[in-house]
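The values are calculated or read from the model by the stated rules, or taken from the named source; none is laboratory data. What you are looking at is a predicted structure, and each value in this text was computed from that prediction instead of being measured. So basically every Cβ, Gly included, is an ideal-geometry build from the backbone, and we count neighbours across all protein chains shown.
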């Protein structure tokens, strides 16, 4: 900026974006001083480098405002958790599926966990069929980001919202003037994930369906 520029000549752009042309550095500095603006190098790798006449202090202030607004409108992905049992009651299944749908519509990912107990561990196909059923019934809103896999006594699948679903959630949040999410994707511990799910689903999150 200004005297820090080392090029002998620059391609000068006026304060309104007009092309002035290639001028000696001294001439560009004089033009900047005449209109009480700064000479700022905006494309240093060009030959000659491109410089623009601007109020650099105002430019930095407006850039900071735009960055702050972008952060305010940004909606970070949160991973919710929904727990099911392989022999879940049909009513409980529909209730929990409704929560999964709500999470996806909000732009969140959902970690679906099938919990096996006792002899159920010898029937993993029950959990697999249940997860595949859920996948097919929410396919308009989301997709399987992580396929079902066995993890000890549990079987886990991760659902993520489609791009259009995510965009709709961001737009809805912006229209309500909502604040950005505080928890970024993957930052929650498993315990925190369970708490988040329970907080959203109330008693349903603890209902095993037996």
Just wondering, is there one or more residues in the range 86-101 that are in a strand (DSSP E or B), more than 27 Å from residue 172 (Cα to Cα) and touching a helix residue (DSSP H, G or I) at 6+ places or on another chain (Cβ under 8 Å)? no
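Among the residues of the range 60-68, is there at least one that is in a strand (DSSP E or B) and exposed (fewer than 15 other Cβ atoms within 10 Å of the Cβ)?
Let us first name the residues in the range 60-68 that are in a strand (DSSP E or B), namely none.
No, the range 60-68 contains no residue that is in a strand (DSSP E or B) and exposed (fewer than 15 other Cβ atoms within 10 Å of the Cβ).
Specify which of the listed residues (40, 110) is outside the structural domain of residue 171 (by TED's automatic domain parsing) and either assigned to a strand (DSSP E or B) or touching a strand residue (DSSP E or B) at 6+ places or on another chain (Cβ under 6 Å) (or both).
Values: 110 fails: outside the structural domain of residue 171 (by TED's automatic domain parsing).
Answer to the check: 40.
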Only one residue in 28, 32, 46 is in contact with a strand residue (DSSP E or B) (Cβ under 8 Å, 6 or more places away or on another chain), assigned to a loop (DSSP other than H, G, I, E, B) and farther than 30 Å from residue 156 by Cβ, so which one is that? 46
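Quick check on my filter: what residues within the range 28-42 are closer than 18 Å to residue 8 by Cβ and in contact (Cβ under 8 Å) with a residue 12 or more places away in the chain?
If the condition is that a residue be closer than 18 Å to residue 8 by Cβ and in contact (Cβ under 8 Å) with a residue 12 or more places away in the chain, then 28, 29, 31, 32, 39, 40, 41, 42 are the ones that fit.
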